[in-house]
Amino acid sequence: MVKRQTVYETALERGVSRRSFLKMCTALAATMGLDFSQTNDVVKAMENKPRVPVIWLQFQDCTGCSESFIRSTHPKPESVLLEMISLEYSEVLSAASGHQVEEARKHVMESYKGEYIVAVEGSIPRESMYCTVGGFGAMETLIETAKDSKAVITYGSCSTWGGIPAASPNPTDAVPVTNIIKDKPIIKVPGCPPIAEVMTGVLAHILTFEMMPELDHLGRPKAFYRHRIHDKCNRRAYFDAGLFVESFDDEGAKQGYCLYKVGCKGPTTYNSCAEMRWNGGVSYPIQSGSPCIGCSEENFWDNGPFFVRRTKVPGSQTTMNPEKIGAYAAGVTAAGIAAHAAITTVKKHKNQEKDD
Ligand code: FSX
Ligand code: SF4
Ligand code: F3S
């Protein structure tokens, strides 16, 4: 077994100051949703535990997942890639190519048996002719690479659910990783693409606690997929008040009203966008004026159409008609005004009685 450097040793070697190292640990703790007091656990882990070797496989996809990952902001991508993990194989980021990089993959599989993580981006066509890398079909490469791994992370909706390549009519007979790998712990990180910090958080959790993060019934890390977008949406008050955008660029759109009637799928989509937001917490689709298209949900592409008004609101307990929410909200307001007026009249009357 090859002796591996700890995260801290690697950081020191790269000239990172103690202060910057501690900042990275604090950012990681926050990303994992840990209490501030647990930052010390992260520091200890990063000081003592070796970096996680990662083999990043890429099959049928658009590379958006890699693009998202390298735009991590807390911590910065260079800290994740060069200090926290040791990315041993990536078609997008490896400097080497061809036989050289395929050899590197095999070397990691032999040297770090049972220790390396396989991150998979993209869906797997069951016919090898559709996606051949280094002369081997996607299915063959996945089975071979996952065999001695510690765990597999499906990064993105394509490797998690099949995604766009598996959308009807699914010309390549594309399937998700779980259809092929059955004997390894699999952590699903869906989204098209997923948020970079979610991936970093999952890797940091494995490194810090030496165990898988808590998963929900579908295999997604609970810390990041426990809420619907709708539960934390910045436009939620407008939904509750029955104020909706009726068409893009109308007055409601300018006011930032709820996007439900222009097709928002936030009420049925589980993801962290509304809490963590994108690009270092700058924004997310709904904040920028686009309805959520449910990109982290199974079969999202076939569950369309997108940007089309939905007639029923699927609530957690019941289904409601959006018109009725407006009517109900208006009714409550009218009733409130009437009650207020009645109370004011009674008060006035009483005051008058006192004066008389
Ligand atoms: Fe799929 Fe990722 Fe969407 Fe694209 O690789 S989840 S098409 S953002 O890039 O796999
Ligand atoms: Fe936000 Fe969409 Fe829910 Fe409206 S329907 S509150 S825009 S998530
Ligand atoms: Fe995707 Fe909806 Fe977030 S479309 S990026 S899950 S807001």
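The values are calculated or read from the model by the stated rules, or taken from the named source; none is laboratory data. Owing to the predicted nature of the structure, the values given are computational and were not obtained by experimental measurement. Here Cβ is always computed from backbone atoms with ideal geometry, including for glycine, and neighbour counts include all displayed protein chains. Heavy atoms of the whole protein, side chains included, go into the accessibility calculation; ligands, DNA and RNA do not. Shrake-Rupley method; radii C 1.70, N 1.55, O 1.52, S 1.80 Å.
Ignoring ligands, DNA and RNA, what percent of the accessible area of the stretch 229-320 is carbon or sulfur (1.4 Å)? After summing per-atom areas, the C and S share lands at 50 percent. On a per residue basis, the chain carries 50 Å² of accessible surface, using protein heavy atoms and a 1.4 Å probe. Karplus-based coupling profile of the stretch 259-272, in residue order and whole Hz: 9, 4, 6, 9, x, 4, 9, x, x, 10, 10, 9, 5, 9, with θ = phi - 60° in 6.51 cos²θ - 1.76 cosθ + 1.60 and x standing for Gly or Pro.
Unpaired cysteine residues in the chain (no second Cys Cβ under 4.7 Å): C25, C62, C65, C131, C158, C233, C258, C264, C273, C292. When all alpha carbon pairs of the chain are counted in 20 Å bins from zero, the resulting P(r) reads 27, 48, 19, 5, 1, 0 %.
Cross-link partners of K184 among aspartates and glutamates, defined as those whose alpha carbon lies under 15 angstrom from its own and excluding same-chain residues fewer than eight positions apart: E115, E144, D148.
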